[in-house]
1. Identify all residues within region 258-312 that are over 27 Å from VAL62 (Cα atoms), in contact (Cβ under 8 Å) with a residue 60 or more places away in the chain and polar (S, T, N, Q); write none if there are none.
2. Would you mention how many residues in region 48-74 are part of a loop (DSSP other than H, G, I, E, B) and surrounded by 16 or more Cβ atoms within 10 Å (Cβ to Cβ)?
3. Do any helices (runs of 4 or more DSSP H) entirely within region 215-315 hold 3 or more residues that are farther than 25 Å from GLU123 by Cα, and if so, which?
4. Does TYR40 satisfy the condition of being surrounded by fewer than 18 Cβ atoms within 10 Å (Cβ to Cβ) and part of a strand (DSSP E or B)?
5. Restricted to region 234-257, and to residues that are without any contact (Cβ under 8 Å) to a residue 40 or more places away in the chain and not charged (D, E, K, R), which residue is surrounded by the fewest Cβ atoms within 10 Å (Cβ to Cβ)?
6. List the number of the failed condition for ASP77; all other conditions in (1) outside any strand (DSSP E or B); (2) under 25 Å from ASN298 (Cβ atoms); (3) modelled with pLDDT of 95 or more hold.
Amino acid sequence: MKKFILKIGLYFICIFIGLELLVRVFHLHKDRPVRYLDEYNVEKWIPNQTGIWVTGNRRQNVGEYKINNFGYNSVYDEFQPKKNKKEIALVGDSFIQGFHQNYQNSIGQKLETKLNKNYKVLEFGYAGWDLADQLHMIKAYEHLFDDIEHVVIYMQYTTDLKRDTYTISDRFSLDTPLNRFLKEIKTVVYLRDLGLMDPITKSIEKIKTVINGDRSVKEVENVNQEKEDRLKLENFKQLVKQYGYDKHKNVLLLDYSLCSTQFLDYLEQNQFKTINFNKSFEVSKTPPTLIYDQHWNNHGRNLITNLLEEYIQNH
């Protein structure tokens, strides 16, 4: 029996080593950059990191990223607007961050080409950001944004209006010695990205819940949609008031189909500039998103770029 257990253990180790070599050789895993808080309590990526971002179980989509000195994915090493040069800022979450496509072919670079290099496009994209994160960052760096002509803020109505002020996210609680160690085991990273680690993660969360004294795992109750839409609108009002939203230079990049009628009416009545990309996506004969991920593919990014170019030319 003892020999049998030793053999099983040996086989498991050999198989695991083989999988680790395969994942590393064919680079099936994502290179996850490391985050930090800067002196303004803005969450960013640690500067000067590079890597490959892989989507799908067989490298269906691969993008190369390069974090600049300012902490964002960009071809530019730093963001220093100049008074004799026109600049556009793209602000948003992972859709603007652009890890799903090579940084040399980002929306910002596409837009610069469309505008014949008359503008420099600075991309302030960070995965997981909501509107509170974005407006906090713009306010924190207002000395930088004062010299930028146009600020495009990508906002997803369904997820980005759940709070009315900025607080530091709990993402840093995940940066434990154990998680840093697991990130170095690329097989674990690969399996986690595929979702095969989810049952284990959920089981651990349930155990933590019991240990903390709540012996029943509570499900989130369905919130009345009308009440939720009212709350989102109130959060939006509070955010734009608190952080001094600039209606003259800012424009919201939105999918109107996800927004409530009440919210859209408020934007129109109060003269918030918006760009609706839903129509372009709906009439497109080619899918605008990735197969194994809902982020924009190259075609979707081209559609977004066309809308941004049209907006800039008209303003």
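1. Quick first cut of region 258-312, residues over 27 Å from VAL62 (Cα atoms) only: 258-276, 279, 310-312.
Next cut, in contact (Cβ under 8 Å) with a residue 60 or more places away in the chain only: 258-260, 263, 275, 311-312.
Within region 258-312, just SER260 meets the criteria.
2. Looking only at region 48-74, we keep the residues that are part of a loop (DSSP other than H, G, I, E, B), and these are 48-49, 56-60, 68-72, 74.
Now drop any that are not surrounded by 16 or more Cβ atoms within 10 Å (Cβ to Cβ), which leaves 49, 68, 70-72, 74.
Residues that pass the stated criteria total 6.
3. On the way: elements: 225-242, 261-269, 278-283, 298-314.
Passing ranges, in order: 225-242, 261-269.
4. Values: surrounded by fewer than 18 Cβ atoms within 10 Å (Cβ to Cβ): yes; part of a strand (DSSP E or B): no.
No.
5. Of the residues in region 234-257, the ones without any contact (Cβ under 8 Å) to a residue 40 or more places away in the chain are 237, 241, 247-248, 256-257.
If we keep only those that are not charged (D, E, K, R) too, we end up with 248, 256-257.
On the way: HIS248: 10, TYR256: 16, SER257: 12.
That would be HIS248.
6. Of (1) outside any strand (DSSP E or B); (2) under 25 Å from ASN298 (Cβ atoms); (3) modelled with pLDDT of 95 or more, only one is false for ASP77: (3).
One line per residue, one yes/no per condition, for (1) within 18 Å of LEU253 (Cα to Cα); (2) assigned to a loop (DSSP other than H, G, I, E, B); (3) at pLDDT below 95:
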residue: VAL121; (1), (2), (3): yes, no, no
residue: PHE124; (1), (2), (3): yes, no, no
residue: GLY128; (1), (2), (3): yes, yes, yes
residue: GLN134; (1), (2), (3): yes, no, no
residue: MET137; (1), (2), (3): yes, no, no
residue: HIS143; (1), (2), (3): no, no, yes
residue: ASP147; (1), (2), (3): no, yes, yes
residue: VAL151; (1), (2), (3): yes, no, no
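The values are calculated or read from the model by the stated rules, or taken from the named source; none is laboratory data. Just so we're clear, the structure is a prediction, and the values are computed from it rather than from any experiment. Glycine also receives a Cβ, built like all others from the backbone with ideal geometry; neighbour counts cover every protein chain displayed.
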